[in-house]
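Read through the structure below, which is laid out as structure tokens, and then see the notes.
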């Protein structure tokens, strides 16, 4: 039987190995793409005032802009993990098999935000239902987000003959046709997104860079991150990291007849100059869906709200009921946190 002195050594060793396992885990995707916000209650109310208008020509009296705050409620979720070992098996464990399970437990706790992030993106697991609703009350990925959440009718949001009352951040299903202005008040259509490739990325980058706020002017964002599943890693290396590549039919990138569509041979890869970093997320389940994001602002595309960091409690005292009655030792972990949506114009989902 394990003596009290051996228990003390065991507990000290457990704390050390769990701490080492936690420290060795690589930075998570949640840390990269979500703003971490502390929480001190069951839920947090996130508030913002929208984009302030640009200056106007001063003709006559001033026109007062009244700030109208909007809110987004994010409710924390509790998670737990419990490991149980038979005391006699643990006492006889010369190979250290049970001991090795504890670092795995620590790693799973460290990756919990990544699991939540993946489930939020893919509308699965614990992140379904109302948790899919973003700041404007619509689903986080939607083809008709409101440009002005205070003016959902879209009146007055027309520039160059094109209505900007809504915008899309979801072009899955092979891409979406959008209307863009041309000279002399005319318009044309452009397919944004679709299956992963140079043309799709060019159009998504350009579309996101031109997304407008309530004042009708672009936010001026520059997407800088692309997140892919492991199924797209090879193509991602070719498209995003190659110095040269075979050009697409250049006429398909924008409107026109495609007069350069007959160009053949290798060309310098302009995507290298777009500053797009590739991130391969092995947790993603949807094989050919990818995400383009802007993460260089003070706020990121997602919110990681932390009410209580992961706690680990061992129940190994011989006087504990589970040990005394069932010769079972327990190790339990728990935390409280939530994953939510930031501004929809900072992230774009696409795919075939």
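Projected label points at residue 298 and residue 139, each 7 Å from Cα along the beta carbon direction, are separated by 3.3 nanometres. With distances taken between every two different alpha-carbon atoms, region 56-212 has a Kirkwood hydrodynamic radius of 20.8 Å. Annotation for residue 177 and residue 73: the two label points, set 7 Å from Cα along the Cα-Cβ direction, are 4.2 nm apart. Among 156-164, 330-338, the peptide with the highest mean count of other Cβ atoms within 10 Å heads the list, and the full ranking is 330-338, 156-164.
The protection proxy used here, the mean number of other Cβ atoms lying within 10 Å of each residue, ranks peptides 279-289, 296-306, 203-213, 182-192 as follows, highest first: 203-213, 296-306, 279-289, 182-192.
Remark: the residue 62-residue 210 segment gains 50.4 nm on full extension, using 0.36 nm per residue and subtracting the alpha carbon distance. Multiply the residue gap between residue 241 and residue 189 by 0.36 nm, knock off their C-alpha separation, and tell me the result in nm, one decimal place. Difference between extended and current length: 15.8 nm.
Computed from the C-beta positions of residue 123 and residue 267, the FRET efficiency with R₀ = 35 Å rounds to 0.35.
On full extension, the segment bounded by residue 155 and residue 334 gains 59.5 nm, given 0.36 nm per residue less the C-alpha separation.
Any read-out appearing in this document is the output of simple, stated calculations on the displayed coordinates, not a laboratory observation. Note that this is a predicted model, so its numbers are computed, not measured. FYI the Cβ positions are ideal-geometry reconstructions off the backbone, even for glycines, and counts take in every protein chain you see.
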